[in-house]
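Shown next, in structure tokens, is the structure this report addresses.
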Amino acid sequence: MCYRIALNFEDGITRFVDCKEGEKVLDAAYRNKINLPMDCSDGVCGTCKCKAESGSYDMGDDYIEDALTEDEAEEGLVLTCQMVATSDCVLSVPMSSQACKTGQQSFAATVTRIAPHHDAAVVLELAVDDAATAPVFLPGQYVNIDVPGSGAHRSYSFSTAPGEAQIGFLIKKIPDGVMSGWLAGAKAGDALTLTGPMGSFYLRDGEGPLLFLAGGTGLAPFLSMLEVMARAGSQRQIHLIYGVTRDLDLVLVDELAAYAERLPNFTFATVVAEGASDHPRKGWVTQHMPEEMLAGGGVDVYLCGPPPMVDAVRHYLDENNVNTASFHYEKFTPNEPQKAVA
């Protein structure tokens, strides 16, 4: 039996290693040519200390408290030289990927479908050229896509589940944008190079209620999260608010309705900001957040959208003294997303 360990480096790059049953995580990383920080490998120095974001594991008793205190262990800190995984895990590594002698991974893919949605967005679907290299990522993460002939890349969140040879993205149309210009003339069969995965905006384990707040094409990572939860038969209470500027910006609402059929405790609401809209819910996402979800303080909030929306939601939560179990967000600009803050 093997467990998959996601190593999230501080420069935003994620690498995955398979850890054998009973194998120390440090040894599994070294076997995969990833040099996690280490001095002693005996649980004495504390140099290999990382943060376990999710998953279960056994630390044993063969380390000293100077290397890992009881308080640190309760906070989820681990010594990778002693840690034995008992499930898939996510670790935050307090070093850059380059310092650990690893880095970004690239893979090739071919366009299979381009579906424009008015002047608002484009759904881009790709087939990974080598199924053996189908990207493994945490639902919510993104990749860089090289724009052919431009020397530039743009960053987009996966809208599909990890580990699939067919992958998808929801891309905002930008007038005179590099990617938008290329997509206007692209066709099935065109080749692309992608690099990743990256980002600290991803779905964490848990059982409490979830509030998803999506702005425009910030819907993409939530589609990936919903697909993963639907396949797992999740029973968590999930409410998604999808806010846009105009009626035409509402895309893939039928996919959200399909998830409402697959996930027994999933609901969603769409909100349009434009005053001239006839949409039944107008205004901003902050005006439509369910009070009952926020009142108890036990909700995990995930937010992805343009900077003004992200800043407005953060300000609203602060001004109204809303306590959340956890709060994760990602801002993005029209060109490429900024690094998420957990």
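The values are calculated or read from the model by the stated rules, or taken from the named source; none is laboratory data. Model, not experiment: these values are computed from the prediction. Ideal geometry is used to build each Cβ from the backbone, glycine not excepted, and the neighbour counts take in all protein chains shown. Each accessible area value is taken on the protein alone, full model and side chains, heavy atoms only, with ligands, DNA and RNA left out. Shrake-Rupley method; radii C 1.70, N 1.55, O 1.52, S 1.80 Å.
Dipole check for the chain: with +1 at the C-beta of Lys and Arg, -1 at the C-beta of Asp and Glu, and the Cα centre as origin, the magnitude is about 1180 Debye. Here's how it looks for THR86: its modeled amide H is under 5 Å from those of SER56, TYR57, ASP58, which are all 5 or more places away or on a different chain. Taken per residue, the accessible surface of the chain reaches 45 Å², heavy atoms only and a 1.4 Å probe. Computed over neighbours whose Cβ is under 9 Å from that of GLY208, the net charge equals -1, Lys and Arg +1, Asp and Glu -1.
For MET59, MET38, the ranking by accessible surface with the largest value first comes to MET38, MET59, using a 1.4 Å probe.
Between ALA132, GLY216, GLY189, the Cα set farthest toward the positive side of the dipole of segment 123-245 (charges on each charged residue's Cβ, about the Cα centre) is that of GLY216. Each listed q (0.12, 0.18, 0.20 Å⁻¹) maps to a log10 I(q)/I(0) for segment 65-140 from the Debye sum over equal C-alpha point scatterers, namely -0.65, -0.97, -1.08. Residues considered: GLU207, GLU23, GLU291. Largest GNM mean-square fluctuation over the chain, using C-alpha springs under 10 Å, is found at GLU291. If you take all other residues with their beta carbon under 10 Å from the beta carbon of GLU72, and give Lys and Arg +1 and Asp and Glu -1, the sum is -3.
Phi angles of segment 10-16 translate, via the Karplus equation with coefficients 6.51, -1.76, 1.60 and θ = phi - 60°, into HN-Hα couplings of 5, 8, x, 8, 10, 10, 10 Hz per residue; Gly and Pro are given as x.
If you roll a 1.4 Å probe over the chain with all protein chains in place, what percent of the accessible area is carbon or sulfur? Carbon-and-sulfur percentage of accessible area, whole number: 47. Every Cα-Cα pair in the chain was counted, and those over 39 Å apart are 17% of them. The average projected area of segment 184-257, computed from the convex hull of its Cα atoms over all directions, is 7.3 nm².
The 3J(HN,Hα) values that the Karplus relation (6.51, -1.76, 1.60; θ = phi - 60°) gives for segment 229-241 are, in residue order, 5, 5, 5, 7, x, 4, 10, 5, 6, 10, 10, 10, 10 Hz. Gly and Pro appear as x. Centre-to-centre separation between the Cα atoms of segment 278-302 and those of segment 80-127: 30 Å. Based on alpha carbons, the Rg and Dmax found for segment 62-209 are 19.4, 62 Å. Alpha-carbon geometry of segment 141-295: the Rg and the Dmax are 16.9, 51 Å, given in that order. Cα-Cα over 28 Å: which of LYS51/LYS101; LYS33/LYS172; LYS33/LYS173; LYS51/LYS172? Flagged as over cut-off: LYS33/LYS172; LYS33/LYS173; LYS51/LYS172. Altogether, the Stokes-Einstein calculation at 4 °C and 1.567 mPa s, with the Kirkwood radius of segment 14-128 over Cα pairs as Rh, returns a diffusion coefficient of 80 µm²/s. For segment 11-53, trypsin sites (Lys or Arg not before Pro) meeting the loop criterion (DSSP other than H, G, I, E, B) and having at most 12 other Cβ atoms within 10 Å: LYS33.
Springs join every pair of Cα atoms under 10 Å in this Gaussian network model of the chain, and among PRO290, PRO307, PRO94 the largest mean-square fluctuation is at PRO290. Helix 253-262 axis versus longest C-alpha principal axis of the chain: approximately 50°, rounded to the nearest ten.
Accessible surface of ASP254 in the full protein assembly, 1.4 angstrom probe, to the nearest 10 Å²? That residue has around 110 Å² of solvent-accessible surface. Electrostatic tally near GLY296: other residues with Cβ closer than 15 Å to its Cβ, Lys and Arg +1, Asp and Glu -1, net -3.
D for segment 216-342, whole µm²/s, Stokes-Einstein with Kirkwood Rh over alpha-carbon pairs at 4 °C and 1.567 mPa s: what number? In µm²/s, the coefficient is 84. Three principal axis extents describe the C-alpha atoms of segment 35-84; from largest down they are 25, 23, 15 Å. In the distance distribution for segment 267-334, Cα-Cα pairs more than 21 Å apart total 28 percent. For LEU213, the residues 5 or more places off, or on other chains, whose built amide H falls under 5 Å of its own are ILE241, TYR302, LEU303, CYS304.
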